[in-house]
1. Output the residues belonging to the stretch 159-174 that are touching a helix residue (DSSP H, G or I) at 6+ places or on another chain (Cβ under 6 Å) and farther than 17 Å from His61 by Cβ.
2. Return only the number of the condition from (1) more than 27 Å from Arg187 (Cβ to Cβ); (2) exposed (fewer than 15 other Cβ atoms within 10 Å of the Cβ) that Val97 does not satisfy.
3. Looking at (1) part of a helix (DSSP H, G or I); (2) more than 14 Å from Pro135 (Cα to Cα); (3) not aromatic (Phe, Trp, Tyr), can you tell me which one Val83 breaks?
4. Tell me yes or no: at least one residue of the stretch 145-156 is touching a residue at least 12 places away in the same chain (Cβ under 8 Å), part of a helix (DSSP H, G or I) and hydroxyl-bearing (Ser, Thr, Tyr).
Amino acid sequence: MSETGAIYEQVFRGLLAQQAVDNVGGKDGVTDTYNVASEAEIAKSLGIPQMDEELVISARHMAVVYTSIAAFENSVRKVVKSVLAEKLGDNWWEEAVPEGIRTRAKSRRDDEQKHKWHTQRGASLIYYTDLSDLPKIVSNHQAAFEDYFSSQWFSGIIDIIERSRNVIMHSGVLSREDVERVGVHIRDWLRQVPS
């Protein structure tokens, strides 16, 4: 295994260990379905032991990156929603979000609601937007965000992270440089924007 692979593997194992510690008994004492089964049982039910080992290792490495990007993406949505709701009130979605984005988000939500057997993305329509929609929403109401960040800075971060996100979402594997670039931008976001 390469040095990079060993680092990814070590980080992945650390995250799994931390998750196991965090999930004992579930959040607020509620047992989560995934806590009942061991990682090995879940992997077996998904057929992972029968898959090509190199592909599984690569996917596990990218799972760590995915975790960071997914948490970042939803934290951005949370910040955009809370800032606009604070500045514009309960009608922030209608007032701040361009019509095309609103229409596309509503269409996605309506489509998901037809499939009641499957988990929905979220309660708010902002969870049905693309990552690339968020800078458009911010630039539409730049004044609301001026205490937090400039729309140009924000747009640059989203553009870079979205490129890596799309590779991972389509089962690709990022280079070490791309992973480091994602990390730098996410850490910049975390330092700039209060959580």
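Laboratory data are not the source of any read-out in this text; all were calculated from the coordinates shown. Keep in mind that this is a model prediction, so the values were computed, not measured. Here the Cβ is made from the backbone with ideal geometry for all residues, glycine too, and neighbour counts use every protein chain on show.
1. From the stretch 159-174, those touching a helix residue (DSSP H, G or I) at 6+ places or on another chain (Cβ under 6 Å) are 160-161, 164-165, 168, 173-174; that's our starting set.
Ile160, Ile161, listed by residue number.
2. It fails just one condition, (2).
3. (2)
4. yes
To keep it simple, each residue is scored yes or no on (1) of a type outside the set (Val, Ile, Thr); (2) out of contact with any strand residue (DSSP E or B) (no Cβ under 8 Å at 6 or more places or on another chain); (3) assigned to a loop (DSSP other than H, G, I, E, B); (4) more than 21 Å from Ser68 (Cα to Cα).
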residue: Asp110; (1), (2), (3), (4): yes, yes, no, yes
residue: His118; (1), (2), (3), (4): yes, yes, yes, yes
residue: Leu131; (1), (2), (3), (4): yes, yes, yes, no
residue: Val138; (1), (2), (3), (4): no, yes, no, yes
